[in-house]
2 protein chains.
Amino acid sequence: MLSFNEYLGQVNDAVAAIEYPLQPAGLYEPIEYTMSLGGKRVRPSLVLMACDAFGGNVADSVAPAIGLELFHNFTLLHDDVMDKADIRRGKPTVHVKWNENTAILSGDAMLTMSAQYIAKAPAAVMPAAMNLYNATAMEIYEGQQYDMEFEERTDVKEEEYLNMIRLKTSVLLGCACKMGAIVAGAEESDAALIYRFGELIGLAFQLQDDLLDVYGDEKTFGKAIGGDIMNNKKTFMLIKAIEMSSGDDHAELLQWINAVSPDKAEKIAAVTDIYTRVGVKALAEERIEQYSKEALATLEAINMSEEGKQAFRAFADYLMKRNK
Amino acid sequence: MLSFNEYLGQVNDAVAAIEYPLQPAGLYEPIEYTMSLGGKRVRPSLVLMACDAFGGNVADSVAPAIGLELFHNFTLLHDDVMDKADIRRGKPTVHVKWNENTAILSGDAMLTMSAQYIAKAPAAVMPAAMNLYNATAMEIYEGQQYDMEFEERTDVKEEEYLNMIRLKTSVLLGCACKMGAIVAGAEESDAALIYRFGELIGLAFQLQDDLLDVYGDEKTFGKAIGGDIMNNKKTFMLIKAIEMSSGDDHAELLQWINAVSPDKAEKIAAVTDIYTRVGVKALAEERIEQYSKEALATLEAINMSEEGKQAFRAFADYLMKRNK
């Protein structure tokens, strides 16, 4: 096994080596731009690591890994159009830098390009790789659909929310882990287990994201604290708080949600306080711990070298402690 | 060989049999709606016919054929968003019936679904089928990009225009023909030739479309005559007329193009007249004849039964005479 950074290094080399046709520039430049915005390249690195851990040829896993990274960035491109987001990683989004038609069309091209990279998997495993990739893509669209629908509802249950974040973000982590296993020719049962590991760690990570948006340290977290509260974003925190609060707490929470132009610092402080009082902070920490533990237990059951398992434990550690 | 209608019948059955998940309805209903809008199903029918003509198992070609039809309809869905078109086949477009986010996301899901159908091709031929499909998709996006760019230019040359329509519409006909050949296990040289046949017939068809929009009979053509003239759409007709006219004709043409609120009947009559006077009508008819002849000559060179070739000749006839 290599260090995570060594897998990352191979991924970065491969991303830099992606060849974009020169014409039409208007179609391909926005794709190159999107891939240049950076990102931690976690998903493709996981593909290589999983392939290695299951005794496969890491070089064979690079193209499918790049396919997943292209796919992930395509979802961000189209999501930014749907969410009307102007900035991503401190830079203008594609529909702002160019226009909306470009964002739609270049996104479509990115999606097809990603499939072309998946198709470069070794012939014996390509059908399985392609089927996993396509099925995962459909789940991600379903997650995005639920996410958009939930914004219009006030009665979203915890189970629905968890399923939505599972579909929208966790399945891609599961897919990345399983993709590496498939390329390595792992047993289906082990491939399914490493998928579940990735999915569970993804759930823990997203819940932690929801928690840290309220309780995190601005410098470590990388973005302003309280953004979700200001946007009334239906995170685990808000959903559980609505559900778990009663009497005055409940009334106060609803007031803050419906306030037209509340003072920012006041609202954030007040809602954060309600979350703590009502027990949502403690519950979120409990859920995160639960998912992390389940992920590690799932890992244990896999037929994999101890060295391989240690790499995945270290990755889980990195992912869950990165933001604190 | 069967009649074209018999291939069409199998395609219609397969389209009706497409299974859409029930949830989330907001993601899948727009896809089902799009596929229900109808259409002549020419592309998937060609897949089956080509497979049969090359001695393949037609049943094996159905899933890839449906993949191409799903793909084609996905391009219409996203194109309608980019072109801001409110109506398709007399019904509201998806972004009108639902909203733009739905049109983008359901389109993405359609694209992935289409790939899932291509992936159902028999294992031995699936990689070739997938590579052809992905490469064709990239060309179609390039064609759409050029189409959008040309709208902003006044100096588009004939060669650029022909390349744009080749990419935007003809390559998919080529792809449909070649897809059937691939499923049937045809020789690569023959597969390439039937591709070229499809591409050339596609070019002839699109040019005929440009011609008939000016000179066609409204009842047979299925839409109002003169629409392209009113929209100053950069068709073969307009591009060549700008290029071939001089003196008073040229000045008059530019005046009509730049006229702010011209009388509809007047503009159509005047521009149609210029087209005829300047020789554009004759030239278009010549190009159409040229491409049709080249398509038939290409067909001759293929290692295919006379019965198979006759089916393709009949198809070319149907496509080129349908609108007259």
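Figures for the structure shown
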quantity: Over 16 Å [Cα-Cα, region B:11-68], rounded percent; calculated: 47
quantity: q = 0.19, 0.25, 0.31 Å⁻¹, region B:127-175: log10 I(q)/I(0) [Debye, one scatterer per Cα]; calculated: -0.59, -0.85, -1.09
quantity: Cα gyration tensor category, rounded, prolate or oblate, for region A:281-324 with a/c compared to 1.5; calculated: oblate
quantity: Teacher prompt: B:Pro122 distances to equivalent labels in other copies, 7 Å Cα→Cβ, nm; calculated: 2.6
quantity: For region A:173-226, Kirkwood radius (reciprocal of mean inverse C-alpha pair distance, Å); calculated: 12.5
quantity: Cβ-Cβ FRET estimate between B:Lys264 and B:Arg89, R0 fixed at 30 Å, reported to 0.05; calculated: 0.80
quantity: Taking the C-alpha atoms of region A:1-146, convex hull volume expressed per residue in Å³; calculated: 111
quantity: Förster radius 45 Å - calculated FRET efficiency between B:Asp248 and A:Ser36, Cβ distance, rounded to 0.05; calculated: 0.30
quantity: For region B:134-248, projected area of the alpha-carbon convex hull averaged over all directions, nm²; calculated: 8.8
quantity: Cα gyration tensor, region B:204-267 - rounded (a/c under 1.5), prolate or oblate; calculated: oblate
quantity: Dimensionless Rg ratio for region A:200-321, taking C-alpha atoms and the 2.2 N^0.38 Å reference; calculated: 1.26
quantity: Accessible area of B:Thr154 in the full protein assembly, 1.4 Å probe (Å², nearest 10); calculated: 120
quantity: Around B:Lys157: net Lys/Arg minus Asp/Glu count, Cβ-Cβ under 12 Å; calculated: -2
quantity: Calculated [θ] (222 nm, deg cm²/dmol) that DSSP helices of n ≥ 4 give over the protein assembly as shown, each run adding -39,500 (n - 2.57); calculated: -24000 deg cm²/dmol
quantity: Chain A - charge dipole about Cα centre, Lys and Arg +1 at Cβ, Asp and Glu -1, debye rounded to 20; calculated: 600
quantity: Normalised convex hull volume, chain B, alpha-carbon set, Å³ per residue; calculated: 129
quantity: Shortest-first nm distances, B:Glu152 label point to equivalent points in other copies (7 Å, Cα→Cβ); calculated: 3.3
quantity: Electrostatic dipole magnitude of the protein assembly as shown [Cβ: Lys, Arg +1; Asp, Glu -1; Cα centre; debye, to 20]; calculated: 60
quantity: Inter-copy separations for A:Lys233, label at 7 Å along Cα-Cβ, nm, ascending; calculated: 4.3
quantity: Computed Kirkwood radius, in angstrom, where 1/r is averaged over Cα pairs of the protein assembly as shown; calculated: 27.1
quantity: 14 Å beta-carbon shell around B:Pro92, net charge (K/R +1, D/E -1); calculated: +1
quantity: Radius ratio Rg over Rh of region A:237-281, counting only Cα atoms, Kirkwood formula for Rh; calculated: 0.94
quantity: Pair B:Ala224, B:Lys157: separation of 7 Å Cα→Cβ label points (nm); calculated: 3.5
quantity: Cβ charges +1 (Lys, Arg) and -1 (Asp, Glu), total dipole of region B:186-241, debye; calculated: 360
quantity: Calculated log₁₀ intensity ratio I(q)/I(0) where the Debye formula runs over C-alpha points of region A:74-185, q = 0.09, 0.16, 0.24 Å⁻¹; calculated: -0.30, -0.87, -1.24
quantity: Helix B:126-150 axis, angle to chain B major axis (alpha carbon atoms, nearest 10°); calculated: 10
quantity: Nearest-0.05 FRET efficiency for B:Asp317 and B:Ala59, computed from C-beta distance (R0 30 Å); calculated: 0.65
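The values are calculated or read from the model by the stated rules, or taken from the named source; none is laboratory data. Model, not experiment: these values are computed from the prediction. Note: ideal-geometry Cβ built from the backbone for every residue, glycine included; neighbour counts use all protein chains shown. Only protein heavy atoms, including side chains, enter the accessible area calculation; ligands, DNA and RNA are left aside. Shrake-Rupley method; radii C 1.70, N 1.55, O 1.52, S 1.80 Å.
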